[in-house]
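Every read-out reported here was derived from the displayed coordinates using simple, explicitly stated rules and does not represent laboratory data. Keep in mind that this is a model prediction, so the values were computed, not measured. Heads up, the Cβs are rebuilt from the backbone with ideal geometry, glycines too, and the neighbour counts pull from every protein chain shown.
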Amino acid sequence: MTKIKAENIKKTFKIRTNGNSRNNGNSSNELLALGGVNLAINKGEFISIVGPSGCGKSTFLDLVGGLSKPNEGNIYIDGKPVEGPGLDRGIVFQQYALFPWRTALENVEFGLESQNIPKNERRGTAQKYLTLVGLNSFEDRYPYELSGGMKQRVAIARALAFDPDILLMDEPFGALDAQTREILQRELLHIWEETHKTILFITHSIDEAVFLSDKVAIMTARPGVIKKMEDIPIARNDRFEDDIRSSQDFVKSRYKLWELLKEEVVRAQQISGNAVSNFSKWETAK
Amino acid sequence: MGSANIVKQLKLLPQKVFAIILFLLIWEIAPRTGLVDPVFLPPASVVFSALYDLVITGVLFKHTSISLQRAFGGFAIAALTAIPLGFIVGWFKTFEKYMDPLLQTMRQLPILALFPVFILFFGIGEVSKLAIIALACFWSIFLNTVSGVLNVDPLLIKSARSMGIPHTGMFRKVVLPAAAPAIFTGLRYAGTVSLIVLVAAEMIGANAGLGFFVINSEAKFAIPDMYAAIVALTILGVVINYLLIGVERSVSKWKEEIVRS
Ligand SMILES: Nc1ncnc2c1ncn2[C@@H]1O[C@H](COP(=O)(O)OP(=O)(O)OP(=O)(O)O)[C@@H](O)[C@H]1O
Ligand SMILES: [Mg+2]
């Protein structure tokens, strides 16, 4: 059953004209970020999007979240067109977006407040999710007192707390150290199995995408479209095995994705006219 | 944490009072040694004993309470008008664009130059004094509120929207707390301004209040009384500033660094 369906999504941004930016639009001060994205995600599926920086991944997530409108095309959730944001979708933003005047716990409570849940119950739920991400002893800290990785974990707890059907996660583990990252990846897989949420996950790490996803969508350089959707042929149960990352299937998937992605990364750099190599951001398939 | 803080404050005490004590000493010695004319500047001890008399006789209290009523009245009127208006202007950005040039110009207007105009309209009574204090306080509160609202991080609005916050909730739960530190900075500044304008207004046209008492003592050549009232005004200013800083801190405790005055 299709949970999320994107049909030919196009999105342009107005940009300030200083005359030096190359673009593909018809008008000279518009930037075509998404050039017709088609994507279907089944209920309970875990799909990752990988693509070069600036290709429109966050833009696409915003559209699915109902936080902005596409210029062309439609997004459907459970067959109904997306009209705006809603508590059926929980978003973990790339830049955390925590409320600085709220403690970690109060941040996690935020989404619960617009439902009519009594305060005690709200507290309890928020504490449960903070514990889940390993931050129970930090519940009274303000965001400025937390590290980048801790903030990301609060943001994840916040999106989970109101129990949305769909999780939209924009590089949620980007600021974490390798160990915490692996722990949370496993934790996310557990949550996914327990709750049957549909997850749309954006990452820069091919390794992470292969480890977590049922399918990985490769996005092209701007204007972003889905270049290819790759199935990851690894059973859910196998993912918790210690040597999974060195298994045949894992290595093969990783290599295939990297091959698909490589030329997009190069193209993205040409588009941005930026000679600085971003390759270090990507893990090679070796 | 609290007691550690107090210990720290106590350790800093000698450092903090050093300059003040030195200042009082010079003030005491200079007139006594004839360095300045003691008639124009009586020694600190004389001034403080005059202050003591004014406190004992209740004269100081009478003038202070009248002054405080005016300052607080003007301040309150300013806050009650400037904060809502600031929210409106800050929230509707196009409005702000049109208003900004006028606002920036008005802000430069030397408020006290308007006092005769106010007297013309409202007479010499309380109304014109309240009005001039309110107007002077208005600008810093208003402009800080506007910039506080304008600078709310759009990502936070987005984040709140994604969690199903309706428009009314957005105001209460996002815009207000995000703008609060800026508003309190405005209020604190307005507190200082209110005292300055109060004194000037009371000197120009009043028959009570600390400003009046200063100028009247000078006219009667009660010089120690004049200085005593000036000292009282200074203490008042310090107290008000500390109160407002306290409130500002309590609403900005989530900020990494609090701007200290
Ligand atoms: N509000 C906006 N106004 C103008 N241009 C925008 C806006 N948001 C995004 N863009 C542009 O759209 C393109 C896609 O941006 P987006 O943030 O979706 O990229 P991304 O794929 O998420 O990149 P990254 O991996 O670095 O996070 C970029 O070229 C960006 O400059
Ligand atoms: Mg992004």
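Cα centroids of region A:178-242 and region B:172-250: 62 Å apart.
Partner shielding of B:163-172 amounts to 4, given as the average count of beta-carbon atoms from other chains within 10 Å of each residue beta-carbon.
If you wrap chain A in the convex hull of its Cα atoms and look at it from every side, the mean projected area works out to 15.8 nm².
Exposed loop sites here are GluC sites (Glu not before Pro) assigned a DSSP state other than H, G, I, E or B and surrounded by at most 16 other beta carbons within 10 Å; excluding them, the longest clear run of chain A is A:84-240. Across region B:1-149, C-alpha contacts under 8 Å between residues 6 or more apart give a mean separation that, scaled by the residue count, equals a relative contact order of 28 percent. Of the chymotrypsin sites (Phe, Trp or Tyr not before Pro) found in region B:63-113, those that fall in a DSSP loop while having at most 15 other beta-carbon atoms within 10 Å are B:Phe92. With all projection directions averaged, the alpha carbon convex hull of the protein assembly as shown covers 34.6 nm².
Among the residues of A:67-74, the average count of other protein chain beta-carbon atoms within 10 Å of the residue beta-carbon is 1. Extending 7 Å from the Cα toward the beta-carbon at both B:Val7 and B:Lys62 defines two label points whose distance is 5.0 nm.
Relative contact order, whole percent, for region B:81-215 stands at 30, derived from Cα pairs under 8 Å and 6 or more residues apart. Per-residue Cβ neighbour counts within 10 Å put A:Tyr142, B:Tyr242 in the sequence B:Tyr242, A:Tyr142, beginning with the fewest.
Rounded if a/c is under 1.5, else prolate if a/b beats b/c, else oblate: with a ≥ b ≥ c from the C-alpha gyration tensor eigenvalues square-rooted, which is region A:47-175? Note, shape of region A:47-175 comes out oblate. Helix B:2-32 and the long axis of chain B differ in direction by around 40°, with both axes built from C-alpha atoms.
Taking Cα atoms only, the orientation of helix A:119-132 departs from the longest principal axis of chain A by about 60 degrees. Can you tell me how chain B classifies by the Cα gyration tensor, rounded, prolate or oblate, using a/c under 1.5 as the rounded cut? Cα axes put chain B in the oblate bin.
The mean number of partner chain beta-carbon atoms within 10 angstrom of a residue's beta-carbon across peptide B:94-100 is 0. If R0 is 30 Å, the Cβ-Cβ spacing of B:Ala208 and B:Ala19 corresponds to a FRET efficiency of close to 0.30.
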